[in-house]
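Visitor: Handing you this structure, nothing more for now.
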Amino acid sequence: MKPLMPQDTIAMFDEHAATYDQTWSAMAPLRDALQLVLDSVFAPLPDDAHVLCVGAGTGAEILALAEHHPGWRFTAVEPSGPMLDVFRGKARTLGIVSRCLFHQGFLDSLAEGQAFDAATAILVSQFVTDSAQRRVFFRDIAHRLRPGGLLASADLACDMGSEAGKRLLEVWFDMMSVSAQARERAKAIYGSQVAVMPPEAMDDILQEGGFDRPVRFFQSGLIHAWFARQALDAR
């Protein structure tokens, strides 16, 4: 099977793992705001919930959820070994290693048999540039959930061809300190290496990926987040 994420993208995360959190520290307020609402989205989960985190990176959402829910367990799936190592070090420092399973690879290499109460995919599916494969990505997550299990997914989303989308992009680039000379290249990357698409298209992909009609629960700049329940026919 063709890998869902290109090898050069994984290599980029490998290379920058040690400095990843520092590099994106200016974006921490957006991350914290998303996690604040995410905690409320997951409020219906049981006290002993097991949460699957796909593309866990350096563990931001797991660390936030673990702090507020001491009975929850987590399975972190991450193709970049160095990124997973950074998360493992944080988990050790915070004393939650015993509540975490660390899996280097993609979801298809994770052992079957565990049905999860919920899953997260935070700024992950945007790197799956083929729309059909993106649907497969979400269907694989749906397959791992208990009946009616919750998904929280966030990605960059924008209708880059619309007037409103163009204006939003400019605001986003200003916030990201992208120079005027680099903006056309950034737009090209958003149309190729990072699959930025209109939010309505993501609604459809999530449904085609095995979930009920998603609810958009967060937006900040280009970052959009949805929650949805596994459709009954997804398993």
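The values are calculated or read from the model by the stated rules, or taken from the named source; none is laboratory data. Just so you know, these numbers come straight off a predicted model, no measurement behind them. For neighbour counting, all protein chains shown are included, and Cβ atoms are generated from backbone atoms with ideal geometry for every residue, glycine included. Heavy atoms of the whole protein, side chains included, go into the accessibility calculation; ligands, DNA and RNA do not. Shrake-Rupley method; radii C 1.70, N 1.55, O 1.52, S 1.80 Å.
Visitor: Quick one: residue 129 ticks every box in (1) of a type in the set (Val, Ile, Thr); (2) farther than 27 Å from residue 24 by Cα; (3) modelled with pLDDT under 95 except a single one, so which number is it?
Guide: Exception for residue 129: condition (2).
Visitor: Do the conditions hold for residue 148, that is, is it surrounded by fewer than 21 Cβ atoms within 10 Å (Cβ to Cβ) and assigned to a strand (DSSP E or B)?
Guide: In short, yes.
Visitor: Residues in segment 56-65: is at least one open to solvent by less than 70 Å² (accessible area, probe 1.4 Å), closer than 17 Å to residue 127 by Cα, touching a residue at least 12 places away in the same chain (Cβ under 8 Å) and of a type in the set (A, V, I, L, M)? I'd like the intermediate steps shown before the answer.
Guide: First pass over segment 56-65, keeping only residues open to solvent by less than 70 Å² (accessible area, probe 1.4 Å): 56-65.
Next cut, closer than 17 Å to residue 127 by Cα only: 56-58.
With the extra rule that they be touching a residue at least 12 places away in the same chain (Cβ under 8 Å), the set shrinks to 56-58.
Keeping just the survivors that are of a type in the set (A, V, I, L, M) gives 56.
Scanning segment 56-65 turns up at least one residue that is open to solvent by less than 70 Å² (accessible area, probe 1.4 Å), closer than 17 Å to residue 127 by Cα, touching a residue at least 12 places away in the same chain (Cβ under 8 Å) and of a type in the set (A, V, I, L, M).
Visitor: Exactly one of (1) closer than 23 Å to residue 29 by Cβ; (2) part of a strand (DSSP E or B); (3) open to solvent by less than 10 Å² (accessible area, probe 1.4 Å) is unmet by residue 228. Its number?
Guide: It fails just one condition, (1).
Visitor: Select from segment 125-138 the residues that are touching a helix residue (DSSP H, G or I) at 6+ places or on another chain (Cβ under 8 Å) and either within 19 Å of residue 211 (Cβ to Cβ) or not in a helix (DSSP H, G or I) (or both) and list them in ascending order.
Guide: Selection gives 125, 128, 131, 134, 135, 137, 138.
Visitor: Can you name the residue in segment 198-221 that is part of a helix (DSSP H, G or I), charged (D, E, K, R) and free of Cβ contacts under 8 Å to residues at least 60 places away in the same chain and, of all such residues, is surrounded by the most Cβ atoms within 10 Å (Cβ to Cβ)?
Guide: 203
Visitor: Filter segment 70-125 down to residues that are acidic (Asp, Glu) and at pLDDT 95 or above and give me whichever is farthest from residue 60 (Cα to Cα).
Guide: Within segment 70-125, the match that is farthest from residue 60 (Cα to Cα) is 117.
Visitor: Does segment 160-176 hold any residues that are open to solvent by less than 60 Å² (accessible area, probe 1.4 Å), under 23 Å from residue 24 (Cα atoms) and in a helix (DSSP H, G or I), and which are they?
Guide: 168, 169, 172, 173
Visitor: Another one. Taking only pairs six or more apart or across chains, which ones have beta-carbon atoms under 6 Å, a first residue in segment 181-197 that is in a loop (DSSP other than H, G, I, E, B), and a second residue that is open to solvent by less than 60 Å² (accessible area, probe 1.4 Å)?
Guide: Between residues of segment 181-197 that are in a loop (DSSP other than H, G, I, E, B) and residues that are open to solvent by less than 60 Å² (accessible area, probe 1.4 Å), the close pairs are 194/126; 195/126; 196/156; 196/158; 196/190.
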